[in-house]
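The values are calculated or read from the model by the stated rules, or taken from the named source; none is laboratory data. Fair warning: this is a prediction, and the values are worked out from it, not measured in the lab. For neighbour counting, all protein chains shown are included, and Cβ atoms are generated from backbone atoms with ideal geometry for every residue, glycine included.
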Amino acid sequence: MENSPKKKRQGRKTQRTLAGAAALTLGLTGAGLLASALTPNTQVATAARDDQAMIQEGKDLYDVACITCHGANLQGVEDRGPSLIGTGEGAVYFQVNSGRMPMASNDAQAERKRPRYTEEQALALAAYVAANGGGPELVYNEDGSLAMEELRGKDFDGQIQAADVARGSELFRLNCASCHSFTGRGGALSSGKYAPHLDPANEQEIYQAMLTGPQNMPVFSDSNIKPEDKRDIIAYLKTIENQGSPGGLALGSLGPVSEGLFIWTAGLALIIGFMVWLTSRSS
């Protein structure tokens, strides 16, 4: 009985200790839940930083390679380069990734050449221009990657579909063949300009060329050629690129013009050679 009050005091002390520990645990748990609720999603915040970092990288590249012709604020410079405000990331990607920009010389038309910058740097430049005026956008997959093979027809499922190729060939014949020829090998235009060979262009470049109309090419907006129709045209172009020439030597794929010239030249050479041989025999 003598130890009864002492035991009671110890019991109360233990209870207070346990109650304090429970309160501390609940407090820390509540604080953690509150912090989780109020803190921005980590992935979203990282993506925002990545976007801003890409825009800054694009600005740094622009200040080195583009500012002389297009101005400090993308406003353009008279007799050097046009304004880039509103041109969009699609136009920038096409010009830079194909090596047309920066231009090597002020010719009638910018030629395709080996790109000075990587695709990642081209995308950074595109992001910077898009952040200062908007414009036509690039096509991305659902996972955020840049669309390439996925643009090979509206029904592309890992393989190009014959129906997409058939539809694309019809659209290409109606809208593009007059300049690029039906096989996409290009052709001469006026004033020293030309429609380029389309085989070197990747899917995104072809799509953006139709959407933005670089240089002498008309703009085929989505109201003129629907996005799914643009994909079918790409399916046709990539199909004939992979097929090659079924007749052997393509001779520029210019049809009866180059073939007729070859036959005429070869035939005339054979006739002259035969006449020379015949004359030497008779003498």
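So, in the stretch 52-110, exactly how many residues are assigned to a helix (DSSP H, G or I) and either among the polar types (S, T, N, Q) or closer than 19 Å to Gly135 by Cα (or both)?
19
Has the stretch 116-136 got any residue that is of a type in the set (Phe, Trp, Tyr) and within 13 Å of Leu237 (Cβ to Cβ)?
No, the stretch 116-136 has no match at all.
Among the residues in the stretch 165-173, are any assigned to a loop (DSSP other than H, G, I, E, B), of a type outside the set (D, E, K, R) and touching a residue at least 60 places away in the same chain (Cβ under 8 Å)?
No, the stretch 165-173 contains no residue that is assigned to a loop (DSSP other than H, G, I, E, B), of a type outside the set (D, E, K, R) and touching a residue at least 60 places away in the same chain (Cβ under 8 Å).
Yes or no: the stretch 226-241 includes at least one residue that is at pLDDT 90 or above, in a loop (DSSP other than H, G, I, E, B) and within 23 Å of the chain's Cα centre (by Cα).
yes
Out of all the residues in the stretch 120-135, is one or more exposed (fewer than 14 other Cβ atoms within 10 Å of the Cβ), closer than 18 Å to Ala201 by Cα and within 12 Å of the chain's Cα centre (by Cα)?
Checked the stretch 120-135: at least one residue is exposed (fewer than 14 other Cβ atoms within 10 Å of the Cβ), closer than 18 Å to Ala201 by Cα and within 12 Å of the chain's Cα centre (by Cα).
If you scan the stretch 119-146, which residues turn out to be of a type in the set (A, V, I, L, M) and more than 13 Å from Pro227 (Cα to Cα)?
Of everything in the stretch 119-146, those that are of a type in the set (A, V, I, L, M) and more than 13 Å from Pro227 (Cα to Cα) turn out to be Ala122, Leu123, Ala124, Leu125, Ala126, Ala127, Val129, Ala130, Ala131, Leu146.
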